[in-house]
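Let me begin by presenting the structure, written as structure tokens, before commenting on it.
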Amino acid sequence: MRPQRHGGCLYFFLVSILLLLVVCFVTAVVAEGVEVMAAAEEAQLLPRPLVIELPSAAAEGERELPAEVRCASWRLAAEANNLAPWNVVPEECAGYVREYVNGVSYRSDLEVVAREASTYARAARGGDDGRDAWVFDVDETLLSNLPYYAEHGYGLEFFDHLEFDKWVEKGEAPAIPSSLKLYNEVRELGIKTFLLTGRSEGHHGVTVDNLKKQGFHDWDKLILRNID
């Protein structure tokens, strides 16, 4: 009977050792799982690159984009000089261009650019040595030719230099308000102002009168195109 008792003790001893190993293994697995979860949570908190997934043509159902969207893309490409040489506005975009240049979006775009330019002028001013200079274009920068383009289809017609010269000779181009404000701010900072234009020397007098009538004064030099 005594050997049987020794055999039973050995059996229980082996079972206890096995259970201990199982417990240790399970504990290690759980601990490793907790570490993995913690690492995953930490990774979620770290900065990650922004990934933008564009819809595929299939997802869009191959649907045609509205003309307004196509024209907005065309305008952006034109303004960024990313279009091949073009002469007229696409016919389907005539209404879009008309609404844009006559609406609040165009005015807001002009005001943003002028405001940023004003901030730059104040920050970049070097001193009172008289060597700071600012160059302004005239057409579509200081003066607006929108009335002319309104009479010629807002860009639907091919540009006619003779017709445009007739408009210039009227001397009725209005000032762009945000540009006039920027011009005066630059002058108040003591920065020399140079006006540059593609208009010919023959339009010097009418251009000067037009600028002064619209509130632009005291520039340092007006540079026009010299035609031989």
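Some points to look at:
- Check on Val135, under 28 Å from the mean Cα position of the chain (by Cα), open to solvent by 60 Å² or more (accessible area, probe 1.4 Å) and under 26 Å from Glu99 (Cβ atoms): no
- In the range 152-162, of all residues being open to solvent by 50 Å² or more (accessible area, probe 1.4 Å) and touching a residue at least 12 places away in the same chain (Cβ under 8 Å), the one that is nearest to Lys181 (Cα to Cα) corresponds to Phe159.
The values are calculated or read from the model by the stated rules, or taken from the named source; none is laboratory data. Please read these numbers as outputs of a predicted model, since none were measured by experiment. A quick note on method: Cβ atoms are made from the backbone with ideal geometry, for glycine too, and the neighbour counts reach across all protein chains shown. Just so you know, the surface numbers come from the protein's heavy atoms only, side chains and all, with ligands and any DNA or RNA stripped out. Shrake-Rupley method; radii C 1.70, N 1.55, O 1.52, S 1.80 Å.
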